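What follows is one structure encoded as structure tokens, with my remarks underneath.
The values are calculated or read from the model by the stated rules, or taken from the named source; none is laboratory data. Just so we're clear, the structure is a prediction, and the values are computed from it rather than from any experiment. Note that each Cβ is placed from the backbone with ideal geometry, even for glycine, and that neighbours are counted across all protein chains shown.
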Amino acid sequence: MMANNSGYRSTVTAEGHLVDSGVLSEAMDLIVRGHAAFVMKRFTLGATNLQPSQAVIEVLAPNQQALDAVLDRLVRLGFYSAELESPIVRQARKDGTAPADFYSTTNHSTEVYFRGQWQQVRNQRMDSVIVVSKDERNPACRKLRDVKRGDRVICGHKGIRILPEFKERDRSDFAFMTNDVSSEKKVEWVAGRVAQWIRSRKGRLVVVAGPVVVHTGGGEPLAEMIKRGRVDALLAGNALAVHDVERALYGTSLGVDTKTGLPVDNGHQHHMRAINAIRLAGGLKKAVSSGLLREGIMHSLISKKVPFVLAGSIRDDGPLPEVITDTNQAQDAYASQLQGAEIVLMLSSMLHSIAVGNMLPSWVRTVCVDINAQVVTKLADRGSHQAIGCVTDVGLFLNLLRDRLRSPR
């Protein structure tokens, strides 16, 4: 598209599978919707699956405000200024705040341009700021609440380059970055593919789980995976642990017999009695060491010394002694266990899955299993576009995954 002779213009460039992933058409669309125009200065199409495409586009706008708004959106698609300018850096004036025009991060790998070279931003996560040292080195993401007065915060969009994860061109395999949510996908096939990932991984496997895991019969296969060293950390809330303990002590979950599926007399009291028993024992770890708690997910975690974090909620009963009731502390504990994660399994917990999704960089393999397709859709809506959805009963999925992991390769 040709434009008028406006003096408000800037040239941007991007590399990657721009056509396959729809990035190029999305970029052109947002330029036009931003009341600007563009000139395609150069475009090279990648000829193979490994060879990226490259686009160089001149953006022309009626005023500086419109140009800045378009450029800010283009940066989030992976475009960056062809002029290679260093970012604007301003000092924070107050603890827990940033300058008004601070750059708000995505979950994609990000680089900033200082001293003639691109520097990788550490601790990548969405919805944070980028803080850089006085010597313009060591850029890192930092939560807004953790910003201190005097911190040097990157502002605007200049000198920032995002490296988004693009869809794989080879669609014959279980492509990673597909954002695929379908109830038609065969759960047996998905479980087999995830099992392959688990066997071949070099990083950590983190499980995010809700109480439905216990309700649907997924507790035993998950506990076995933990015992066999397949799980490196578990992130959950009070309810998962409570109903896991209830099943271990009384054979029920929410008062329903986990073997017959039938409610038992006074079963509605069991979860409260389970909480009381653990509190009397002095906590989950003491309940295991004393022999009170002899099976289940929490027993396996504690016996194998696998770290877990239980984040509190305003609706919690009890809660159990190990539950972190301070939200900020729980967030930090979650983030700590997600360091080095290669695979994250999100198992029927919308609240905790979305929270974890906000903490993950986009290159972490993320699988969300839920009977409700809207859970995965909400993850994508909130920026976790890498989440692959399997719409099925989580108990069925975990039993199939355990069976695949038991089988020879």
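Descriptive notes on the structure:
- Hits in segment 329-354 (condition: hydrophobic (A, V, I, L, M, F, W, C) and assigned to a helix (DSSP H, G or I)): ALA330, ALA333, ALA335, LEU338, MET350, LEU351, ILE354
- For segment 250-273, the criterion of a residue being in contact with an Asp or Glu (Cβ under 7 Å, 6 or more places away or on another chain), over 15 Å from GLU295 (Cα atoms) and crowded, with 21+ Cβ neighbours inside 10 Å is satisfied by at least one position.
- The single condition from (1) surrounded by 20 or more Cβ atoms within 10 Å (Cβ to Cβ); (2) in the same structural domain as ILE160 (by TED's automatic domain parsing); (3) farther than 23 Å from LEU144 by Cα that GLY116 fails is (1).
- Residues (more than 15 Å from GLN91 (Cα to Cα) and aliphatic (A, V, I, L, M)) located in segment 118-139: VAL121, MET126
- Selection from segment 322-336 of residues that are in contact with a helix residue (DSSP H, G or I) (Cβ under 6 Å, 6 or more places away or on another chain) and touching a residue at least 24 places away in the same chain (Cβ under 8 Å): GLU322, VAL323
- Residue in segment 1-15 that is surrounded by the most Cβ atoms within 10 Å (Cβ to Cβ), counting only those that are modelled with pLDDT of 90 or more and of a type in the set (S, T, N, Q): SER10
- Verdict on ARG406 being among the basic types (Lys, Arg), in contact with an Asp or Glu (Cβ under 9 Å, 6 or more places away or on another chain) and modelled with pLDDT of 95 or more: no
- Qualifying residue in segment 42-56 (condition: within 19 Å of LYS158 (Cα to Cα), over 24 Å from the mean Cα position of the chain (by Cα) and modelled with pLDDT under 90): no
- From the list LEU71, LEU24, LEU18, the lone residue that is within 32 Å of the chain's Cα centre (by Cα), crowded, with 17+ Cβ neighbours inside 10 Å, assigned to a loop (DSSP other than H, G, I, E, B) and in contact (Cβ under 8 Å) with a residue 12 or more places away in the chain is LEU18.
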